[in-house]
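Here is the structure we will look at, set down as structure tokens.
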Amino acid sequence: MFKEIYNKVEEAAKRTKTDNAVVTFYTIRKAVGWIGMLIPVVLIACGYLFDACRTVQPSISHYYYTNARELFVGALCAVSLFMFCYKGFSRIDNISANIAGLFALMVALFPTNISTPAYPCQQSLASLTDVPYSGTIHLVAAAAFFLTLTFMSVFLFTLSNKPKHQQGERKKMRNGIYYICGGIMFSCIVAIAIYFAFDKREEETIFTLVCESVALLAFGISWLTKGEAILPDKGEEKK
């Protein structure tokens with residue numbers, strides 16, 4: 001009798017532990033998604049509303065040189081931490097998340113070059129990682145970060161433990177979202193690269209900011225979908 005009670009308690013404890021792990025798993029995905037979507041909104045709003053010059057910066061990265069720098073660095077460090085804590089269903093899932101986390105941390109620690117000539121609201125700052133080619137490291141890390149996220153969205157999030165013909169309608173719809181979000185992120189990276197390669201104007205525009213904001217929006221939607229905040233499986237599809 002006591003053995004039966006003990007076994008039931010053990011089984012309940014294991015089930016609770018598994019349920020808590022699943023909740024944490026999905027919570028991390030949702031947290032990453034919300035941070036990604038809110039980064040451009042919060043930075044632009046903070047920079048425009050609380051700086052005397054009320055100017056939108058030419059890129060997300062240039063908010064490092066404004067009064068929103070703590071938000072910029074803090075958000076990237078939070079994304080990096082969540083990526084390192086993220087545990088997927090496979091080794092490649094975990095490795096990809098860790099790589100994305102490393103690149104996010106590099107984007108935060110190695111600031112882009114300050115605008116030349118000076119851009120409104122930007123103030124030159126010393127950095128703990130103020131090293132030669134910091135701007136180049138920043139750009140490469142940012143591109144690698146989005147490329148890694150694109151890979152995860154297109155090739156990892158679309159995987160399933162069921163054959164395609166057994167997958168529910170919502171899984172198929174989610175896969176469509178992953179492909180679209182991955183395509184948008186990749187297109188934004190290519191657009192920025194072409195812009196830097198061919199635009200020879202001295203004055204900076206907000207083209208990069210727009211592309212980065214769209215890419216972050218796609219990144220956020222992809223992770224919110226993976227966290228089942230968007231199109232979660234119905235009860236019958238989970239069985």
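Tell me whether the stretch 110-120 contains one or more residues that are more than 27 Å from LYS200 (Cβ to Cβ) and either hydrophobic (A, V, I, L, M, F, W, C) or assigned to a loop (DSSP other than H, G, I, E, B) (or both).
No; the residues of the stretch 110-120 include none that is more than 27 Å from LYS200 (Cβ to Cβ) and either hydrophobic (A, V, I, L, M, F, W, C) or assigned to a loop (DSSP other than H, G, I, E, B) (or both).
Would a scan of the stretch 85-94 turn up a residue that is in a helix (DSSP H, G or I), in contact with a helix residue (DSSP H, G or I) (Cβ under 6 Å, 6 or more places away or on another chain), of a type in the set (D, E, K, R) and at pLDDT below 95?
Yes, some residue in the stretch 85-94 is in a helix (DSSP H, G or I), in contact with a helix residue (DSSP H, G or I) (Cβ under 6 Å, 6 or more places away or on another chain), of a type in the set (D, E, K, R) and at pLDDT below 95.
For the structure I just gave you, tell me whether ALA143 is in a helix (DSSP H, G or I), aliphatic (A, V, I, L, M) and in contact (Cβ under 8 Å) with a residue 12 or more places away in the chain.
It is true that ALA143 is in a helix (DSSP H, G or I), aliphatic (A, V, I, L, M) and in contact (Cβ under 8 Å) with a residue 12 or more places away in the chain.
Would you check which residues across the stretch 189-216 are crowded, with 17+ Cβ neighbours inside 10 Å and over 18 Å from GLN57 (Cα atoms) and list them?
Passing the criteria: only ILE189.
Among LEU216, LEU224, which is farther than 17 Å from PHE151 by Cβ, assigned to a helix (DSSP H, G or I) and either touching a strand residue (DSSP E or B) at 6+ places or on another chain (Cβ under 8 Å) or modelled with pLDDT of 95 or more (or both)?
After applying the criteria, what remains is LEU224.
Yes or no: the stretch 208-216 includes at least one residue that is within 25 Å of GLU70 (Cβ to Cβ) and in contact with a Leu (Cβ under 7 Å, 6 or more places away or on another chain).
no
Could you tell me which numbered condition ASN98 fails, if it satisfies all but one of (1) over 14 Å from the mean Cα position of the chain (by Cα); (2) surrounded by fewer than 17 Cβ atoms within 10 Å (Cβ to Cβ)?
Of everything listed in (1) over 14 Å from the mean Cα position of the chain (by Cα); (2) surrounded by fewer than 17 Cβ atoms within 10 Å (Cβ to Cβ), ASN98 misses just condition (1).
Filter the stretch 136-188 down to residues that are within 14 Å of the chain's Cα centre (by Cα) and among the hydroxyl-bearing types (Ser, Thr, Tyr) and give me whichever is surrounded by the most Cβ atoms within 10 Å (Cβ to Cβ).
Restricting to residues being within 14 Å of the chain's Cα centre (by Cα) and among the hydroxyl-bearing types (Ser, Thr, Tyr), the top hit is SER153.
Among the residues of the stretch 103-114, is there at least one that is closer than 22 Å to PHE196 by Cβ, of a type outside the set (A, V, I, L, M) and surrounded by fewer than 11 Cβ atoms within 10 Å (Cβ to Cβ)?
no
The values are calculated or read from the model by the stated rules, or taken from the named source; none is laboratory data. Given the structure is predicted, the values throughout are model-derived calculations rather than measurements. Heads up, the Cβs are rebuilt from the backbone with ideal geometry, glycines too, and the neighbour counts pull from every protein chain shown.
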